[in-house]
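Bear in mind these aren't lab numbers, they're just calculated from the coordinates by the rules spelled out. Computed from a prediction, not measured in an experiment: that's the story for all the values here. Neighbour counts run over all protein chains shown; Cβ positions are idealised from the backbone, glycine included.
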Amino acid sequence: AQSVTQLGSHVSVSEGALVLLRCNYSSSVPPYLFWYVQYPNQGLQLLLKYTTGATLVKGINGFEAEFKKSETSFHLTKPSAHMSDAAEYFCAGVMNTGNQFYFGTGTSLTVIP
Amino acid sequence: EAGVVQSPRYKIIEKKQPVAFWCNPISGHNTLYWYLQNLGQGPELLIRYENEEAVDDSQLPKDRFSAERLKGVDSTLKIQPAELGDSAVYLCASSLAVGQGPGELFFGEGSRLTVL
């Protein structure tokens, strides 16, 4: 089955600390991978995406993610958390040549002052 | 450029009543999606359109849910009759594939449904 798994439904970090949100995918072929952020009462907005090429992808707001085929992972990181980073984060993948997106169950990030 | 527009933002109805949601995608986006998002969960696909054609509606509960995308632009999602378990956020998204790979999804703000 093709799916995306996010480890940890809740993550808390101190302001200024490293943010690490985990995402693993299951697919027999390299997928297209995305990270989206959702603020309360809003829709999802794209943080970054991996399609082909460079495996380290930089996104908005200082976030980046690295595609690791050997680990089937696409973890999201940010060196220094800011209070405004508190939100829900979703990893998503498109596992074939179609347009069907598979979303993870989300990780709620809390930033402690 | 205007984003994906959804209405209404909030809707409260009694069970067994009908409800409809409307979505206007980004101009030129040929693919339109309706997702269901329960509290604390990720979006789950209800239906995907490529232009006017519903290419994936396998997760749409067809006994009570219906959708249409006339002229390949705006779309409506209807529930009739609504049940308590339908309380959720209904998200609309659109995309345009350019080059290799799928186009990114652009989401509307969602329509929050409460069924009493």
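In a fully extended conformation the segment linking A:LEU20 and A:MET83 would gain 21.2 nm over its present Cα-Cα distance, using 0.36 nm per residue. Going from the fewest other Cβ atoms within 10 Å to the most, the residues B:ARG48, B:ARG64 appear in the order B:ARG64, B:ARG48. Rg over Rh for chain B works out to 0.96, using Cα positions for both radii and the Kirkwood form for Rh. Taking 1.306 mPa s as the viscosity and 10 °C as the temperature, the Stokes-Einstein diffusion coefficient of region B:70-116 based on its alpha-carbon Kirkwood radius rounds to 122 µm²/s. Backbone N atoms of region B:2-32 closer than 18 Å to the 7 Å Cα→Cβ label point of B:THR76 belong to residues B:5-13, B:17-25.
Each Lys and Arg Cβ is given +1 and each Asp and Glu Cβ -1; about its Cα centre, the protein assembly as shown then shows a dipole of about 160 debye. Exposure proxy ranking for A:MET83, A:MET95, based on other Cβ atoms within 10 angstrom of each Cβ and starting from the fewest, stands as A:MET83, A:MET95.
Size descriptors for the protein assembly as shown, from the alpha-carbon set: Rg then Dmax equal 17.7, 52 Å.
The length gained on full extension between A:LEU7 and A:LEU56, counted as 0.36 nm times the residue separation minus their Cα-Cα distance, comes to 15.6 nm. Only lysine pairs 8 or more places apart, or on different chains, with alpha-carbon atoms under 13 angstrom apart are counted in the protein assembly as shown, and they number 5. 3J(HN,Hα) couplings calculated from phi for region B:25-31 with the Karplus curve 6.51 cos²θ - 1.76 cosθ + 1.60 (θ = phi - 60°) are, in sequence order, x, 5, 4, x, 6, 8, 9 Hz; Gly and Pro show x. The order of B:ILE12, B:ILE26, going from fewest to most other C-beta atoms within 10 Å of their C-beta, is B:ILE12, B:ILE26.
Considering region A:1-90, its Cα convex hull presents a mean projected area of 6.1 nm². Taking the dipole about the Cα centre of region A:1-87, with the C-beta of Lys and Arg at +1 and of Asp and Glu at -1, give me whichever of A:VAL13, A:ASN61, A:SER27 is farthest to the positive side. Value: A:SER27. Charge dipole (Cα centre; +1 on Lys/Arg Cβ, -1 on Asp/Glu Cβ; no other charges) of region A:4-113 amounts to roughly 240 debye.
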